[in-house]
Every structure is written in C-alpha cells, then in structure tokens.
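Comments concern the structure below.
The values are calculated or read from the model by the stated rules, or taken from the named source; none is laboratory data. All values derive from a computational prediction rather than experimental measurement. Positions of Cβ are backbone-derived with ideal geometry, glycine not excepted, and every protein chain shown enters the neighbour counts.
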Amino acid sequence: MECKQKENLDGCLCTYPGCPRKGICCECLKHHLANNELPACYFSKEAEETYDRSIQNFIKARGIKLDNERAKK
C-alpha cells in the first residue's frame, strides 16, 4: 500500500516541531500506541497544543466518564 503523506498532511493536526512522522499516519499511530498515547488527530486543537498525548488526557479532554468513576457518584 502506498503512503499518501502529501494528502495526509492536509488533515494532520500535529503541531510538534520537527515531527519526523508528520503525515505518515501508520508510523505516527505505531509510535504513539507503543508509548500508550494517541496521535494529535484524536485531540481537539486546544488539547493537542499541550503535547500531552496520553490516553488519560484524551479521556479528560473528551469528558468521558469511566464506569469506576460513575460508580463513585
């Protein structure tokens, strides 16, 4: 399968300076998942600008309540 890096750049939300994976979605996803993170495209502009790609930050930014948090209320 051919990488469409140039096309992907149009939708790439990553603002990390000098990112070597910019527009190479498969490498970006592989890198972030290996670090228990999600890529920039999963975050709002404001959340992405913090560079905190953690799954915990994704949950917080989206306002997602986990079952164990619901049970506490």
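Restricting attention to region 34-51, does a residue exist that is assigned to a strand (DSSP E or B), modelled with pLDDT of 90 or more and either in contact with a Cys (Cβ under 8 Å, 6 or more places away or on another chain) or within 29 Å of Glu2 (Cα to Cα) (or both)?
yes
Here's a check for you: in region 1-21, which residue that is among the charged types (D, E, K, R) and assigned to a loop (DSSP other than H, G, I, E, B) is nearest to Arg53 (Cα to Cα)?
Arg21
Looking at region 26-48 only, could you name the residues that are within 11 Å of the chain's Cα centre (by Cα), charged (D, E, K, R) and under 13 Å from Thr15 (Cα atoms)?
Lys45, Glu48
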